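Novice: Just dropping this structure here.
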Amino acid sequence: MDKISFDQLPVVVAQMSEDINWIKSNLFTTPEKEEIENISGSKAAVNFLNSRGYTISFSLFSKRVAKGDIPCRRFCGKVLLFSSSQLIEWAENMCTPLGQSGAALILAESANRKLRGGRK
C-alpha cells in the first residue's frame, strides 16, 4: 500500500466512507426479502396475498391472471412469476373505502341472506 500524504487524507477518507456504506447496504440485506420479492406460481401468490390479509380464492386469482388484471411474467414459458410489491399494489387498488354507511349496508345484506337461508 502506498503512503498517504496529509493532503490526500480527505479524499481517501471520503472513498473509505463510500466503501463502508456500500458494504453495510449489501451486508445487511436479508435473504428473506430477496425470496419474497419474486413469487413463483399462482398458489404461492395466493398464499402470499392471503397471509397479508388480502383474502382471495385460487379460482378468482387464476381468472384475474388469465384476464391480465394481475401483473405477472412467465419464466421459461411455463412458470408464472409474481412480484410481491406489484401484488400488494394490485390488492390495494382493488380495495374500496366503505365508510360507515357502506359497512352497515354490507352487514344488513349479510344478515338478510342468513335469514333467508343462503346466498342471493
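Novice: Which entries in K63/K114; K3/K24; K43/K63 show an alpha-carbon gap greater than 24 Å?
Specialist: From the list (K63/K114; K3/K24; K43/K63), the Cα-Cα distance tops 24 Å for K63/K114; K3/K24.
Novice: I would also like to ask the following. Say each of N26 and A108 gets a label point 7 Å from the Cα, pointing the same way as Cα to Cβ; how far apart are those two points in nm?
Specialist: 6.2 nm
Novice: Express in nm, to one decimal, how much length is gained between E89 and D2 on full extension, taking 0.36 nm for each residue of separation and deducting their alpha carbon distance.
Specialist: Extra length from E89 to D2 when fully extended: 26.1 nm.
Novice: Right, another one. Taking 0.36 nm per residue of separation and subtracting the Cα-Cα distance, what length does fully extending Q15 through L115 add?
Specialist: 28.7 nm
Novice: Multiply the residue separation of S51 and L81 by 0.36 nm, subtract the distance between their alpha-carbon atoms, and state the gained length in nm to one decimal.
Specialist: 9.0 nm
Values quoted throughout were computed directly from the atomic coordinates according to the rules given, and no laboratory measurement underlies them. Everything quoted here is computed from the prediction, not taken from an experiment. Cβ sites come from the backbone with ideal geometry, for glycine too, and all protein chains shown count toward neighbours.
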